[in-house]
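The values are calculated or read from the model by the stated rules, or taken from the named source; none is laboratory data. Nothing here was measured: the structure is a model prediction, and the numbers come from that model. All Cβ positions, glycine included, derive from the backbone under ideal geometry; neighbour counts span all protein chains shown. Quick note on the areas: whole protein, heavy atoms, side chains included, nothing else; ligands and nucleic acids left out. Shrake-Rupley method; radii C 1.70, N 1.55, O 1.52, S 1.80 Å.
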Amino acid sequence: MNASAPSDSEDRMAQAAREAAERARKGAENPEPSLGARLGQIGILGWTIVVPTLLALLLGRWLDQIFATGIFFSAPLIMIGAGIGFWSAWKWMHRP
């Protein structure tokens, strides 16, 4: 083995150091949002799910009172409202 040739472990160590430096550089360019920003995002997601669910429930209760149907309209509309809310939250989380 040639004494001046780097060993395999030295190559892997140098590669790991380059990758760590690159990750650190990218982290400095795009810092993580603050705790307050994260809590704000969670709040927005919560309202994105709750509002359509409650609106659908109100519509269902109103229709049930008009047609005297018990929970015939409320039950499916609350599920539809929740579905719309979760879909909206999913789209908001995956926006560019």
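What are the residues in the stretch 22-70 that are open to solvent by 100 Å² or more (accessible area, probe 1.4 Å), over 15 Å from the mean Cα position of the chain (by Cα) and aliphatic (A, V, I, L, M), if any?
L35, L55, L58
Residue by residue through the stretch 52-75, note down the ones that are of a type in the set (V, I, T), farther than 12 Å from F86 by Cβ and part of a helix (DSSP H, G or I). Don't jump to the end; show me each part of the working.
Of the stretch 52-75, the ones of a type in the set (V, I, T) are 53, 66, 69, 71.
Filter once more, keeping what is farther than 12 Å from F86 by Cβ: 66, 69, 71.
Correct list: I66 only.
Just a yes or no: is a residue in the stretch 71-80 of a type outside the set (D, E), out of contact with any Leu (no Cβ under 9 Å at 6 or more places or on another chain) and open to solvent by less than 90 Å² (accessible area, probe 1.4 Å)? First the steps, then the outcome.
So the first thing to find is which residues in the stretch 71-80 are of a type outside the set (D, E), and the list is 71-80.
Pick out the ones that are also out of contact with any Leu (no Cβ under 9 Å at 6 or more places or on another chain) and you get 71, 75-76, 79-80.
Still in the running and open to solvent by less than 90 Å² (accessible area, probe 1.4 Å): 75-76.
There is at least one residue in the stretch 71-80 that is of a type outside the set (D, E), out of contact with any Leu (no Cβ under 9 Å at 6 or more places or on another chain) and open to solvent by less than 90 Å² (accessible area, probe 1.4 Å).
Can we say G36 is out of contact with any Cys (no Cβ under 7 Å at 6 or more places or on another chain), under 22 Å from K91 (Cβ atoms) and at pLDDT 90 or above? Steps first, answer last, please.
Numbers: out of contact with any Cys (no Cβ under 7 Å at 6 or more places or on another chain): yes; under 22 Å from K91 (Cβ atoms): no; at pLDDT 90 or above: yes.
Answer is no for this residue.
For the stretch 81-96, which residues satisfy the criterion of being open to solvent by less than 100 Å² (accessible area, probe 1.4 Å) and either touching a residue at least 40 places away in the same chain (Cβ under 8 Å) or out of contact with any helix residue (DSSP H, G or I) (no Cβ under 6 Å at 6 or more places or on another chain) (or both)? Give the steps one after another, and end with the answer.
Step one: filter the stretch 81-96 for residues open to solvent by less than 100 Å² (accessible area, probe 1.4 Å), giving 81-85, 88-89, 92.
Within the stretch 81-96, G83, S88, A89, W92 meet the criteria.
Looking only at residues in the stretch 1-21 that are assigned to a loop (DSSP other than H, G, I, E, B) and exposed (fewer than 10 other Cβ atoms within 10 Å of the Cβ), which one is modelled with the lowest pLDDT?
Restricting attention to the stretch 1-21, the residues satisfying the condition of being assigned to a loop (DSSP other than H, G, I, E, B) are 1-7.
After this cut, where a residue has to be exposed (fewer than 10 other Cβ atoms within 10 Å of the Cβ) as well, the list is 1-5, 7.
Details: M1: 48, N2: 53, A3: 52, S4: 52, A5: 54, S7: 69.
Looking at the filtered set, the residue picked out is M1.
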